[in-house]
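What follows is calculated from the coordinates using simple rules that are stated; it is not laboratory data. Treat the numbers as computed from the prediction; the structure is a model and nothing was measured. Note: ideal-geometry Cβ built from the backbone for every residue, glycine included; neighbour counts use all protein chains shown.
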Amino acid sequence: MRCSINIPNFGDFADARTVASLAATAEEAGWDGFFVWDHVAHTKQARRPHGDPWMLLTAAALATTRIRLGTLVTPVPRRRPHQLARQVATLDNLSGGRVIFGAGLGGPIADEYASFGEPTDPVVLAERLDEGLDLLELYWSGDAINHLGRHYEANDIALLPTPVQRPRPPIWIGGFWPARRPMRRAARWDGAAPLFKSARHGEAPPAAEVREVTDYIRSHRTHQPDAPFEVVVGGVSPTEPAQARDLLGPLVDAGATWWDERRRQDDRVDQLEPVLRRVEQGPPRVD
């Protein structure tokens, strides 16, 4: 099991210099991944500063050499696919091929879509997500493409340079289990980062539900059943080795391949000090 750090892109973490320093500390402490949220107005009533996730990850890339970098998750339906393709490809080149692209619908929909006059119909957003993902894959090929879809259009256009990773960076899909459609979507790509209605953000999910997710996805991976696939779960882990094994061992047995260290969504989720303290302690160990 590989282990990552997960932070919001607001509060203390809106500062790219803070994020760069934290990423460097995470790499030195032995973490494998570093992921940021992608919000523009998370609970807009709070009125706190937000940083652009791709600028934050650029700073992190310049401060590190090994750790994988990405978003969990980017709401593709509220972004223009060609601009997003360019941002991800640029970061993948800058980092030497270390980007993991997390995608989903995002939210809260009222704050992050309706506030800007964007569509809010979940069916329309799901269509934009699927069409947008297909377009990203085409753009990252470097070939000239023509596309006339329900929501997007591309006319004989090629985007260069391509990402370092070929044929493209890994795509992980987020969603709330037990909703099935997001996990069917994930089965088409390279990984799933499910949240669970039975566990709050920052709480480890029940191993039995993780097994349900992995079994469900496996049953729908008919196009590449033997290709590598990542299942990302997370929460707050203990630093004592025996306790960490007790928590993570059953999740590994259930099919999880990444542990994503993430704080509970309380009033300190966007504060550096408690996150830095946990990062410095290093990732949990299950061996």
Taking the chain and counting helices only, DSSP H stretches of n ≥ 4 at -39,500 (n - 2.57) each over all residues, the nearest-500 ellipticity at 222 nm comes to -11500 deg cm²/dmol
Scaled by the rule-of-thumb 2.2 N^0.38 Å, the alpha carbon Rg for the stretch 191-287 gives a ratio of 1.16
For the stretch 49-105 the trypsin sites (Lys or Arg not before Pro) that pass both the DSSP coil test and the at-most-13 other-Cβ-within-10 Å test are Arg66
With a Förster distance of 41 angstrom and the Cβ-Cβ distance between Ala114 and Val164, calculated FRET efficiency to the nearest 0.05 equals 0.65
For Trp172, other-chain or 5+-apart residues with amide H closer than 5 Å (H placed, Pro excluded) are Phe101, Gly102, Ala103
At q = 0.21, 0.25, 0.27 1/Å the base-10 log of I(q)/I(0) from the Debye formula over the alpha-carbon atoms of the stretch 187-245 is -0.86, -1.03, -1.11
Quotient of Cα radius of gyration and Kirkwood radius for the stretch 7-63, i.e. Rg/Rh, equals 1.00
Output ordering of 226-235, 239-248 (per-residue mean of other Cβ within 10 Å, highest first) is 226-235, 239-248
Largest first and rounded to whole Å, the semi-axes √(5λ) derived from the alpha carbon gyration tensor of the stretch 1-155 read 27, 21, 12
Fraction of alpha-carbon pairs in the stretch 167-216 farther than 18 Å apart, rounded to whole percent, equals 28 percent
